[in-house]
Amino acid sequence: MKQKYLIVVADYYKDISKGLLKSAYDILPKSASVKTIKVPGVFEIPVTISKNMKKYDGFLALGCVVKGQTPHFDFISQASTDAIMKLSIENKKPIGNGIITCLNLKQAAARKEKGREAAEAVMSVLSQK
């Protein structure tokens with residue numbers, strides 16, 4: 001049976017998101033069914049995954065949060081990470097966390113391959129017997 005993946009990507013930083021998506025698509029099996037949904041920011045990723053939980057075998061959460069002058073960075077990063085982990089455990093389905101958290105856009109640009117790592121993690125869990 002063909003595996004079904006959902007990629008939810010926050011495209012607030014469009015260049016970073018494109019790199020994350022490309023690196024994920026490069027490693028996912030060509031035989032897999034893959035759908036991508038774009039959301040405005042990483043805070044919207046968990047609810048989008050939750051709404052689609054029954055339709056897919058594995059999920060990728062891709063996006064970027066860059067630290068600014070306020071604690072907003074810490075709240076968004078922690079809330080999205082906690083929600084993704086909770087969804088994964090409660091539903092017993094892998095969610096690759098490819099949300100990069102950086103101090104600046106230069107660091108983010110250097111980490112665009114994290115989409116690949118998230119995809120590898122999901123494929124690894126799906127292959128477990």
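Would you confirm, using the coordinates I've provided, whether V34 is of a type outside the set (D, E, K, R), part of a helix (DSSP H, G or I) and surrounded by fewer than 21 Cβ atoms within 10 Å (Cβ to Cβ)? I'd like the intermediate steps shown before the answer.
Numbers: of a type outside the set (D, E, K, R): yes; part of a helix (DSSP H, G or I): no; surrounded by fewer than 21 Cβ atoms within 10 Å (Cβ to Cβ): yes.
Considered against the rule, which asks whether it is of a type outside the set (D, E, K, R), part of a helix (DSSP H, G or I) and surrounded by fewer than 21 Cβ atoms within 10 Å (Cβ to Cβ), V34 comes out as no.
Among what's in the stretch 95-110 and is surrounded by 19 or more Cβ atoms within 10 Å (Cβ to Cβ) and more than 11 Å from the chain's Cα centre (by Cα), pick the residue that is nearest to I49 (Cα to Cα).
Per the criteria, the residue is T101.
I'm checking my understanding of the structure. Among residues of the stretch 89-106 that are in a helix (DSSP H, G or I) and without any contact (Cβ under 8 Å) to a residue 24 or more places away in the chain, which one is farthest from F43 (Cα to Cα)?
The residue in question is K106.
Is it the case that L21 is under 13 Å from the mean Cα position of the chain (by Cα) and either over 18 Å from V125 (Cα atoms) or in a loop (DSSP other than H, G, I, E, B) (or both)?
So L21 passes the test.
Could you please find all residues in the stretch 42-75 being closer than 21 Å to L21 by Cα and among the β-branched types (V, I, T)?
V42, I45, V47, T48, I49, V65, V66
Just need a number here: residues in the stretch 1-18 that are surrounded by fewer than 24 Cβ atoms within 10 Å (Cβ to Cβ) and in a helix (DSSP H, G or I).
Residues meeting the conditions: 4.
Does T70 satisfy the criteria of being part of a loop (DSSP other than H, G, I, E, B) and surrounded by fewer than 19 Cβ atoms within 10 Å (Cβ to Cβ)?
yes
Laboratory data are not the source of any read-out in this text; all were calculated from the coordinates shown. In this text, all values refer to a predicted model and were calculated from it rather than measured experimentally. Methodologically, a virtual Cβ is constructed for each residue, glycine included, from the backbone with ideal geometry; neighbour enumeration extends over all protein chains shown.
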